[in-house]
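Only one structure is covered here, and it is reproduced in the block below.
The values are calculated or read from the model by the stated rules, or taken from the named source; none is laboratory data. Treat the numbers as computed from the prediction; the structure is a model and nothing was measured. Here Cβ is always computed from backbone atoms with ideal geometry, including for glycine, and neighbour counts include all displayed protein chains.
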Amino acid sequence: MKDVVVLGGSSGEHLAVRIAELLGSELGEIEVKQFPDGETYIRILADVSGKRVVYVNSLQRGPNSLIVETLYTLDALKDLGAREVYAVIPYMAYARQDERFNPGEAVSIFSLAKLFRALSIDGIYTVDMHLHRITDPTKLFGAKFHNLTGVRELGKYVKSNYSLDNAVVIGPDEEAEQWAKIMAEELGGLEYSVLEKKRISAEEVVIEARGIGVSGKNVVLVDDIISTGGTVVESVKALRKLGAREIIVACVHPLLVGRAYPRLLRLGLKDLIGTDTVLSPISKVSVAPAIVEALRKTLA
Ligand code: R5P
């Protein structure tokens, strides 16, 4: 695609390369470094004047400095004369803090959206963002907002690698029903249902499985994020208590913080799969095709 330059931030280069390849567009470069005092230095090395620019950066582990990098870069792109600027944020940080759950809390996603809004960019593409309490993200972020899904790509991977006899799709909580539904569709119309989750703290959850029929069945457990791994560990325990057989776990954003990965390896899962919105040892599926399909509609 001519007159389009794709650029990757320090957490988005791997996807920028694939997106540029699939779009058939120029892949530009950005220099990003930290000054000794921790300030961020950014220099756009590509000529973006008069061009349409797709900038990719995932606001994943250690999101605060990535947010600064992303906002400064987007602002610089406009300032350097880019004709249109599109932000691809495969993992949008702070999306889970979308309400004042306790008195006095900052509603962080609103503050982050306000910063994006000030940039007046032309579009934002993200993947399976928590939009449970946000009804109009385009208004909130001040740019045409595309919330894509990586679950279809995960489903294609599961379908082509496993025979799914006697299988059912499960989400760990009510909010995961949307992902369980998509996964079940991709797997040829399997049945799906959800467990019940109560969050005790950032690290601790309690899972209940009332009325879930998994006895003697193979299970595909699907969620948007694996962070500490607590949700998956407790869900797998609950499913096994109910007599589930083999379990495949699939998630879009494998944050895998702290000891999450070794904890999950101990579960004896049939497979553990994530996408490359966040690079991790389980990023076996790329969301690049889904992002490019959506970008093409805008850039065509
Ligand atoms: C929560 O609402 C999300 O959908 C995930 O279930 C959650 O972020 C997973 O976190 P953890 O792996 O720390 O249990």
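For every residue, the table says whether it meets (1) closer than 22 Å to Val168 by Cα; (2) hydroxyl-bearing (Ser, Thr, Tyr); (3) in contact with a Ser or Thr (Cβ under 8 Å, 6 or more places away or on another chain).
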{"residue": "Arg210", "(1), (2), (3)": "yes, no, no"}
{"residue": "Lys217", "(1), (2), (3)": "yes, no, no"}
{"residue": "Gly230", "(1), (2), (3)": "yes, no, no"}
{"residue": "Ala244", "(1), (2), (3)": "yes, no, yes"}
{"residue": "Gly258", "(1), (2), (3)": "no, no, yes"}
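The set of residues from region 154-165 being out of contact with any helix residue (DSSP H, G or I) (no Cβ under 6 Å at 6 or more places or on another chain) and either modelled with pLDDT of 95 or more or in the same structural domain as Gln97 (by TED's automatic domain parsing) (or both) comprises Leu154, Lys156, Tyr157, Val158, Lys159, Ser160, Asn161, Tyr162.
Here is a check on your reading of the model: is Glu175 farther than 17 Å from His130 by Cα, outside any strand (DSSP E or B) and within 15 Å of the ligand (Cβ to nearest atom)?
no
Can we say Ala260 is within 11 Å of the ligand (Cβ to nearest atom) and of a type in the set (A, V, I, L, M)?
On the way: within 11 Å of the ligand (Cβ to nearest atom): yes; of a type in the set (A, V, I, L, M): yes.
When the stated conditions are applied, Ala260 passes them.
Looking only at region 146-172, filter to residues that are under 18 Å from the mean Cα position of the chain (by Cα) and closer than 21 Å to Ser215 by Cβ; which one of those is nearest to the ligand (Cβ to nearest atom)? Restricting to residues being under 18 Å from the mean Cα position of the chain (by Cα) and closer than 21 Å to Ser215 by Cβ, the top hit is Pro172. Close contacts from region 107-118, counting a first residue that is assigned by TED's automatic domain parsing to the domain that holds Met129 and under 14 Å from Thr73 (Cα atoms) and a second that is in a helix (DSSP H, G or I) and of a type in the set (D, E, K, R), with Cβ to Cβ under 9 Å and a gap of 6+ residues or different chains, come to Ala118/Asp75.
Inspect region 47-58 for any residue being modelled with pLDDT under 95, outside any strand (DSSP E or B) and among the polar types (S, T, N, Q) and give the result as yes or no. First the steps, then the outcome.
Step one: filter region 47-58 for residues modelled with pLDDT under 95, giving none.
Among the residues of region 47-58, not one is modelled with pLDDT under 95, outside any strand (DSSP E or B) and among the polar types (S, T, N, Q), which makes the answer no.
Count of region 102-128 residues, restricted to those that are over 21 Å from the mean Cα position of the chain (by Cα) and crowded, with 16+ Cβ neighbours inside 10 Å, is 1. Only a single item in (1) over 22 Å from the mean Cα position of the chain (by Cα); (2) more than 12 Å from the ligand (Cβ to nearest atom) is not met by Tyr192, and it is number (1).
So which of Val287, Val278, Val257 is in contact with a His (Cβ under 6 Å, 6 or more places away or on another chain) and in contact (Cβ under 8 Å) with a residue 60 or more places away in the chain?
On the way: Val287 fails: in contact with a His (Cβ under 6 Å, 6 or more places away or on another chain); Val257 fails: in contact with a His (Cβ under 6 Å, 6 or more places away or on another chain).
The conditions single out Val278.
One line per residue, one yes/no per condition, for (1) at pLDDT 95 or above; (2) buried (at least 17 other Cβ atoms within 10 Å of the Cβ):
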position	(1), (2)
Leu131	no, yes
Ile134	no, yes
Lys139	yes, no
His146	yes, yes
Ile170	yes, yes
Glu186	yes, yes
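For region 198-224, the set of residues classified as touching a residue at least 40 places away in the same chain (Cβ under 8 Å) and hydrophobic (A, V, I, L, M, F, W, C) consists of Ile212, Val214, Val219, Val220, Leu221, Val222, listed by residue number.
Residues in region 210-246 that are more than 16 Å from the ligand (Cβ to nearest atom) and either within 16 Å of Arg263 (Cα to Cα) or polar (S, T, N, Q) (or both): Ser215, Asn218.
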